[in-house]
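The values are calculated or read from the model by the stated rules, or taken from the named source; none is laboratory data. What you see is a predicted model, and the numbers here were worked out from it, not measured in a lab. Cβ coordinates were reconstructed from backbone atoms using ideal geometry, including for glycine residues, and neighbour counts include every protein chain displayed.
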Amino acid sequence: MCGICGFTGKANQVVLKKMTGTIFHRGPDEDGYYSCDKINLAIRRLSIIDVETGHQPVHNEDRKIWLVFNGEIYNFVELREELDKKGHQFYTDHSDSEVLVHLYEEYGLDFVHKLNGMFAIALWDNRKEKLFLIRDRMGVKPLFYAPINGNIIFGSEIKAILNHPDYKRTPNFEALYHYFTFKCIPAPFSAFKGIHSLLPGEMLTFSKGDINTNRWWKIRFNENRDPCQEEVKEKIFHFLEDATRLRMRSDVPFGAYLSGGVDSSSIVALMTRFSAKPITTFCLGYEDELKNKEADLYYARKVSQAYKTTHYEYIMSHQELIDDVEKVIEAFDQPFSGTISTYFLSKLITKHVKVALSGDGADELFGSYLTHRVAQPMYHFGRLYDKIRSNKLSEAEKGLFAQCGLDFLDKLYRKSGGDEIKWRYQLCLFSDEEKNSLLTDSFRKCYNNASSYNLLERNFGDITAKNPLNRILEMECNTQLPDQVLAFVDFLSMAHSVEVRSPFLDYRLVEYVAAIPEAMKIKNGIVKDILKKTVEPLLPEGITKRPKEGFVLPIFDWMMAEFKEYSRDLLSEKRLAKHNLLNHETIKCLLQDHHSGKRNNPGKIWNLMMFQLWWEKYFN
């Protein structure tokens, strides 16, 4: 729901409305403003809860506290009842926004710990002359800020800050340097110098020119060593079912993403328990005959038939991606070469509903990606290296490597020595060494000797988990999940005014699953094993046995033929010369090796293409 922006300093509604206009897509239903001699707050509203009276900005009884926020507070009903009993007076009918100002009145800044939701909050306390910017625990909703000339400018999207006259657009070369390794801009960096991303579970306090930040919540992986499997399944089911129930609170029609995989199918199955009407579901397919993608449509239809959903499919082509890719970049305001499927399916969803539930977060909690599948085997590979080399593994020991081929692990071990930071770094896109030849002197002199390896090392330095898989899961929940996964879900759905709600990201479920031993998450080569055992009774036969495909566009399939000329043109010497930041000869070799079949480079080529599109849009 919504998009927010604002700045401290004297009232200026002309600037405020210009900023708000840039995020119209986040809230096409209405706008709202509050300005005084010290603060300017604004919102574009997507009306979902309390459509008639839930206008923002909201205030308390004496109008000393003002607030705008983006997101949803799922437990607002229970919180409002609690505040009613304490004597708070409400002027809206049932707004979750107004609950927040009264919670702050009652509990001070500790109010955030009472919230179950996704949110980016800007709260102005006129008595204290303080502005508080607050981001939800998991980082579902984004919030950016820029300190300038003793004031602070903020917004749900970078484009709002770019349209404030005090900000002078400048690239952040250190952040861009990391993009080529991580496929996104890692927080707290942004692609623009002086603009920062608030971290998940972080609160910023601005008072008379001073800025302080602190983490009010952070995921902790303190393992329960010996849990009962049946009890674990019962707890997971309880939390997931209740999270789904809460996320169906809406005054407008809602639906669900349905790829036919375990995660989205489980959510659809649980939604039917709380709805008297058929659930509306949506699936993405492709004109090209790609067997791995046709399976999505097949299994999604199977789940739809089992639960009698009203099912819609959006079939796209590679040409639609070429036509719309600049709009995708504009949605992010930053270079991004991760998953972008959400943008295209949301075109269909917005025609039917404003809200859609999804299965996002399950992979990151229970273990599914290559980095997760490698963690345990790589640990055992080093321990059993001599027996592997002499081919003397027992059958039980062979089972430790069920999810990864020994040849792959051997190559990774030779490059990393089994060190978790080094092997994880090997699975990134461009290494620091590769970037030495990729980036020109013009680029390198601007990025302040940054090291993506050192950044990854720092990301491992503050994790609590002790065992290999949970250590990778914790590190990626702090970084890749908010910076890449939740980013594409939010920006690309909100580009079409669709709000996505993810039951798997309910903090109660997250905190519980973080304590589950890693052996329950990936077992005998089966990813998300405990989750699959929990939800299997809900799902049609075959769903839990599907190989992991992921809700991703077949860009790599298209890169060899359909995107061949497009990539060559976009990364041509003529276009690269306009900024002289990327080495044309290096990129030319990448393209030639890929198109000749000598070396498979689709991820690197796509990464470079998205950077080039971003630069041309924002700096040419």
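What number goes with the only condition from (1) over 21 Å from the mean Cα position of the chain (by Cα); (2) closer than 16 Å to T310 by Cβ; (3) assigned to a helix (DSSP H, G or I) that S264 does not pass?
The single condition S264 does not satisfy is (1).
Anything in region 143-182 that is crowded, with 24+ Cβ neighbours inside 10 Å, part of a loop (DSSP other than H, G, I, E, B) and out of contact with any strand residue (DSSP E or B) (no Cβ under 6 Å at 6 or more places or on another chain)? List them, or say none.
The answer is E157, and nothing else.
Closer than 30 Å to D166 by Cα, assigned to a loop (DSSP other than H, G, I, E, B) and among the basic types (K, R): is that true of R137 in this structure?
no
Residue by residue through region 405-425, note down the ones that are among the small types (G, A, S) and part of a helix (DSSP H, G or I).
Of everything in region 405-425, just one residue is among the small types (G, A, S) and part of a helix (DSSP H, G or I), namely S416.
Looking at region 252-289, which of its residues are among the β-branched types (V, I, T), touching a strand residue (DSSP E or B) at 6+ places or on another chain (Cβ under 9 Å) and without any contact (Cβ under 8 Å) to a residue 40 or more places away in the chain?
I279, T281
What number of residues within region 430-446 satisfy the criterion of being hydroxyl-bearing (S, T, Y) and either surrounded by 19 or more Cβ atoms within 10 Å (Cβ to Cβ) or more than 13 Å from L582 (Cβ to Cβ) (or both)?
Result for region 430-446: 1.
I'd like to verify a number: residues in region 295-340 that are small (G, A, S), crowded, with 22+ Cβ neighbours inside 10 Å and under 24 Å from the mean Cα position of the chain (by Cα), how many?
Qualifying residue count, region 295-340: 3.
Surrounded by fewer than 22 Cβ atoms within 10 Å (Cβ to Cβ), closer than 23 Å to T342 by Cα and not basic (K, R): does that describe P227?
Working: surrounded by fewer than 22 Cβ atoms within 10 Å (Cβ to Cβ): yes; closer than 23 Å to T342 by Cα: no; not basic (K, R): yes.
Considered against the rule, which asks whether it is surrounded by fewer than 22 Cβ atoms within 10 Å (Cβ to Cβ), closer than 23 Å to T342 by Cα and not basic (K, R), P227 comes out as no.
For region 589-620, which positions are among the charged types (D, E, K, R) and more than 13 Å from L571 (Cβ to Cβ)?
Scanning region 589-620 gives D593, K598, R599, K617.
Taking into account only those residues within region 17-52 that are over 21 Å from K141 (Cα atoms), touching a Phe, Trp or Tyr at 6+ places or on another chain (Cβ under 8 Å) and not charged (D, E, K, R), which is surrounded by the most Cβ atoms within 10 Å (Cβ to Cβ)?
I39
Across region 530-569, what is the number of residues that are without any contact (Cβ under 8 Å) to a residue 60 or more places away in the chain and surrounded by fewer than 19 Cβ atoms within 10 Å (Cβ to Cβ)?
12
Assess whether E499 counts as being surrounded by fewer than 19 Cβ atoms within 10 Å (Cβ to Cβ) and charged (D, E, K, R).
No, not satisfied.
Does any residue in region 79-100 that is not assigned by TED's automatic domain parsing to the domain that holds V68 come within less than 6 Å, Cβ to Cβ, of a residue that is modelled with pLDDT of 95 or more six or more places away or on a different chain, and which pairs are these?
Between residues of region 79-100 that are not assigned by TED's automatic domain parsing to the domain that holds V68 and residues that are modelled with pLDDT of 95 or more, there is no close pair.
Scan region 55-81 residue by residue and report those that are within 27 Å of F504 (Cβ to Cβ) and surrounded by 16 or more Cβ atoms within 10 Å (Cβ to Cβ).
Matches in region 55-81: F69, N70, G71, E72, I73, Y74, N75, F76, L79, R80.
Table: residues versus (1) assigned to a loop (DSSP other than H, G, I, E, B); (2) at pLDDT 95 or above; (3) within 26 Å of the chain's Cα centre (by Cα); (4) surrounded by fewer than 14 Cβ atoms within 10 Å (Cβ to Cβ).
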{"site": "F221", "(1), (2), (3), (4)": "yes, no, yes, no"}
{"site": "I236", "(1), (2), (3), (4)": "no, yes, yes, no"}
{"site": "R245", "(1), (2), (3), (4)": "no, yes, yes, no"}
{"site": "A256", "(1), (2), (3), (4)": "no, yes, yes, no"}
{"site": "E289", "(1), (2), (3), (4)": "yes, no, no, yes"}
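Need the failing condition index for I421 against (1) buried (at least 19 other Cβ atoms within 10 Å of the Cβ); (2) among the aliphatic types (A, V, I, L, M); (3) touching an Asp or Glu at 6+ places or on another chain (Cβ under 8 Å), just the number.
(1)
Can we say L198 is within 27 Å of F443 (Cβ to Cβ) and either crowded, with 19+ Cβ neighbours inside 10 Å or of a type outside the set (S, T, Y) (or both)? Reasoning before the result, please.
Values: within 27 Å of F443 (Cβ to Cβ): no; either crowded, with 19+ Cβ neighbours inside 10 Å or of a type outside the set (S, T, Y) (or both): yes.
Judged against the criteria, L198 is not a match.
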